[in-house]
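Here is the structure we will look at, set down as structure tokens.
What follows draws every value from the coordinates through simple rules; no lab data is involved. Fair warning: this is a prediction, and the values are worked out from it, not measured in the lab. Positions of Cβ are backbone-derived with ideal geometry, glycine not excepted, and every protein chain shown enters the neighbour counts.
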């Protein structure tokens with residue numbers, strides 16, 4: 001059975017969704033860069049190994065990433081899932097996990113990379129917003145898109161209301177994509193996301209309505 005590791009920095013709501021989804025694999029560990037991340041307690045309550053690699057204890061990003069990779073590799077994962085992990089990862093780290101490192105981002109990439117995506121969407125006046133799951137590459141939020149889910153931006157929306165609707169879609173989308181990978185259906189081929197039985201158009205795949 002395939003193994004996966006989840007990286008978090010805070011409450012870990014997407015981590016909870018992944019753990020509640022009955023994925024066809026074993027969560028070997030949940031690792032955080034913050035000792036006060038609430039998601040660590042949830043993972044421990046499920047009997048999952050947890051660890052903290054505090055980025056503040058390292059002199060450079062590369063030193064932190066080396067320690068983080070060592071902690072991950074102790075669990076020999078087939079897949080690493082970033083779940084609200086608020087660190088920019090070095091190129092060496094990303095290359096080490098190339099093709100098996102996924103992230104969920106709260107926007108319809110390539111629109112609104114980085115942080116404060118919901119405020120950006122409201123300021124831009126877009127009619128649709130949403131979330132994207134992508135393979136991680138050295139380009140920030142720039143890796144090949146695997147699947148996306150959209151929500152309408154409604155009259156009267158503020159950051160909180162829009163974020164809540166997007167988060168509900170994140171909780172549905174991320175476990176679906178993780179399942180594809182753990183089933184051996186999803187891979188990174190020539191810089192594009194490829195799902196068995198479907199052709200990648202323009203380098204991305206839209207999530208079907210059912211698994």
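Structure summary
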{"item": "Whichever residue in the range 94-126 is in a helix (DSSP H, G or I) and surrounded by fewer than 22 Cβ atoms within 10 Å (Cβ to Cβ) and, among such residues, is nearest to the chain's Cα centre (by Cα)", "result": "94"}
{"item": "Top-ranked residue of the range 71-86 - restricted to ones that are over 12 Å from the mean Cα position of the chain (by Cα) and surrounded by fewer than 19 Cβ atoms within 10 Å (Cβ to Cβ), ranked as nearest to residue 40 (Cα to Cα)", "result": "71"}
